Amino acid sequence: SYFRIFFLLGLTDNLELQPLIFNLFLSMYLVTILGNLLIILAVNFDSHLHTPMYFFFYSLSLNDICLSASMVPKMMMSIQTQDHSITQTGCLAQICLVLVFSGLETCLLEAMAYDRYVAICHPFRYAVILNICMCVSLTLFSLFISIMDGLLHRLMMLRLSFFTELRIPHFFCEFAQVIRLTCSDTLVDNIVIYIAVCIFGGVPAFGIILLYVHIVSSLLRMPSPKGKYKAFSTYGSHLSVVTLLYGTDFEVYISFSVTDSMQKVAMASVMYYVVPQMVNPFIYCLRNKDMKVTLWKHC
């Protein structure tokens, strides 16, 4: 039936830990929203930040807010009310939103790596290659393929039949966990999952590595140590964000491979789906002089 009810088991069933988890996630959620909102406002209000690099900062911050909002409020509500149920419609919507925004995140990080590559390796052609039209096109294309991926997974979910016991050992409706509850043949679903992982995980990762190989090669050829330091400072923040995102993604994969406890996997997933979105604004603000000056001036 399309009107089935799922139950999100969360990170733990220990009632004594629930208030601690609630306060922790509330703090992380507020920091995520406020931190990313500051970047959005800074880019909006300061005309000096109307450049391709800050356009991608703006897009990533907006995406991080949306990704966090698609998961964390529902989890906090479940803890507060002790009602862990979610309708099949709500579960499908959450799966779709998480896939769209997490896919868009990796695409934006690759676009940001390309921006740094052009700025360092082809500085005199930067304004020509990465004009506003190109930046908007890259972002819209990334959003389009992410939406297509989310809708495809949602349509696949509609054809599945589920067992009676619909308990998801996670703090949100994660697609791979949900299809474990189905009594239908999931061969096609698993193939689509692997293809999506390659497209939104493997391709951006390979592209970022390739671009950074060219960036490092160009930096090593620079004769001036001051020029090297200035160039490094322009892409150091992005490299930190990429390392954090893919590092936590690798941690989730390792946790899933070595443990049978789905709650431990859920706890590891917090490091991928919640922590990077909270930390990203601090990385960009602390490592970016223009952003610090703008925030200090307007605050």
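The values are calculated or read from the model by the stated rules, or taken from the named source; none is laboratory data. On a predicted model such as this, the values are computed, not experimentally measured, just so you know. No Cβ is skipped: glycine too gets one built from the backbone with ideal geometry, and neighbour counts run over all protein chains shown. Just so you know, the surface numbers come from the protein's heavy atoms only, side chains and all, with ligands and any DNA or RNA stripped out. Shrake-Rupley method; radii C 1.70, N 1.55, O 1.52, S 1.80 Å.
Only lysine pairs 8 or more places apart, or on different chains, with alpha-carbon atoms under 26 angstrom apart are counted in the chain, and they number 9. Computed over the range 13-56, the P(r) tail beyond 14 angstrom holds 62 percent of alpha carbon pairs. Taking every alpha-carbon pair under 8 Å whose residues sit at least 6 apart, the chain reaches a relative contact order of 28 percent. With one equal scatterer per alpha carbon and no solvent term, the Debye-computed log10 I(q)/I(0) for the chain at 0.09, 0.13 1/Å reads -0.49, -0.96.
By how many degrees, 0 to 90 and rounded to 10, does the Cα axis of helix 275-286 deviate from the longest principal axis of the chain? Around 20 degrees separate the two axes. Of the solvent-accessible surface of the chain, computed with a 1.4 Å probe and all protein chains present, 71% belongs to carbon and sulfur.
Label-to-label distance, Leu24 versus Ile5, with points set 7 angstrom from Cα along the beta-carbon direction: 2.8 nm. The residues of the range 5-297 expose on average 50 square angstrom of accessible surface per residue, using a 1.4 Å probe on protein heavy atoms.
Whats the longest run of the chain with zero trypsin sites (Lys or Arg not before Pro) that are DSSP loop and have at most 10 other Cβ atoms within 10 Å? Answer - 1-158. Note on the range 45-150: Cα-Cα pairs beyond 23 Å make up 41% of the total pair count.
Across the range 188-228, Cα-Cα pairs farther apart than 11 Å form 68% of the total. For the range 121-204, the normalised intensity computed at q = 0.17, 0.20 Å⁻¹ comes to -0.80, -0.99 (log10 of I(q)/I(0), Debye sum over alpha carbons, equal scatterers, no solvent).
Counting only alpha carbon atoms, the long axis of helix 72-81 and the longest principal axis of the chain meet at about 40°.
Compared with the dominant principal axis of the Cα atoms in the chain, helix 88-121 is inclined by about 20°. When the alpha carbon coordinates of the range 71-114 are projected onto the principal axes, the ranges are 45, 20, 7 Å, largest first. Of all the options Asn280, Asn190, Asn63, the one that moves most in a Gaussian network model of the chain with Cα springs shorter than 10 angstrom is Asn190.
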